[in-house]
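Contents: one structure, followed by commentary.
The values are calculated or read from the model by the stated rules, or taken from the named source; none is laboratory data. Predicted model, so just to flag it, every value in this text is computed and none were measured. Neighbour counts are summed over all protein chains in view; Cβ atoms, including those assigned to glycine, are modelled from backbone coordinates with ideal geometry. Heads up: the accessible areas ignore ligands, DNA and RNA and are worked out on the full protein's heavy atoms, side chains in. Shrake-Rupley method; radii C 1.70, N 1.55, O 1.52, S 1.80 Å.
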Amino acid sequence: MLTYISIIITAIFINNIVLAQFLGICPFLGVSKRTDSALGMGAAVTFVITMATLVTWCLQTYVLDPLDLGFLQTILFILVIAALVQMLEIIIRKIAPALYMSLGVFLPLITTNCAVLGVAILVVQKGFTLGESLTYAVATSVGFALAMWIFAGIREQLALTAVPKQMKGVPLALVGAGILAMAFMGFSGIKI
C-alpha cells in the first residue's frame, strides 16, 4: 500500500510530468487559456494515458519480451496511442460536441503528446507491475491535469491585468509556467 501512495504523490507533485520532466508542453501551453478547456484536455489525456499504459504494458509483457522484440516498442506504442486517440475523438464528438469544439486541433495532438508515450515507456523501464503501472498512469495524468488547470487559472487572471505590450501572450505564459514549475519544486523536499 505504501508503494502505491508513494507512486501517487511522486507522480502528481514531486516528479510532475509537465513541470519536472517537461513532457506534454505543447498542450500545456496551447490549451491552458481557459480552465474549462484545460480540464477537458486533462480528462482526455487521463483516459488516453491510462488506456495506453494498460495496452502497452500488456503488449510489452506478453508479446515483446517473450518474443525478444523489444526493438519494436516505440513503433508499437505509437500505433496503440494513435488508435486510442482516434477512438476518443469519435466518442467526444458524439457525447460532448462543445468540448470537442473547444479542444479544436489539440485533441488530435494527443497522438503526438510525448507525455502519453513517455508514461508508457517509463512504466516499462521502471519495471512496474500492472497495478503499479496503472496507478502511475492515473497519478501522472492527474498531475498533468492539475498543472494545466492551475496554469489556466493563472492565465485567465493575467488576461485581466495590465501588462507591458512586449510581455503579452507567449512571453508572459512562459514566465508564468516557469514560476509554476518553481512552485512545484517545493515538493521535491518531501521524502517518501
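Before moving on, here are some points about what is shown:
- Qualifying residue in the stretch 47-62 (condition: touching a Pro at 6+ places or on another chain (Cβ under 9 Å) and under 22 Å from TYR136 (Cβ atoms)): no
- Any pair with Cβ under 6 angstrom, 6 or more apart, that starts in the stretch 135-163 at a residue that is closer than 18 Å to GLY176 by Cβ and charged (D, E, K, R) and ends at one that is assigned to a loop (DSSP other than H, G, I, E, B) and open to solvent by 10 Å² or more (accessible area, probe 1.4 Å): ARG155/LYS33
- Residue within the stretch 90-110 that is of a type outside the set (Lys, Arg), open to solvent by less than 10 Å² (accessible area, probe 1.4 Å) and at pLDDT 85 or above present: no
- In the stretch 30-50, the residues that are open to solvent by 50 Å² or more (accessible area, probe 1.4 Å) and either under 22 Å from GLU156 (Cα atoms) or of a type in the set (S, T, N, Q) (or both): LYS33, ARG34, ASP36, LEU39, ALA43
- Residue check, ALA11 buried (at least 16 other Cβ atoms within 10 Å of the Cβ), over 26 Å from ILE91 (Cβ atoms) and either of a type in the set (Gly, Ala, Ser) or touching a strand residue (DSSP E or B) at 6+ places or on another chain (Cβ under 6 Å) (or both): no
- Those helices (runs of 4 or more DSSP H) of the stretch 1-93 in which 2 or more residues are touching a Phe, Trp or Tyr at 6+ places or on another chain (Cβ under 6 Å) occupy 25-30, 35-59.
- Residue match in the stretch 175-192 (condition: part of a helix (DSSP H, G or I), farther than 15 Å from LEU19 by Cα and at pLDDT below 95): yes
- Count - residues of the stretch 126-170 that are exposed (fewer than 13 other Cβ atoms within 10 Å of the Cβ), at pLDDT 95 or above and assigned to a helix (DSSP H, G or I): 1
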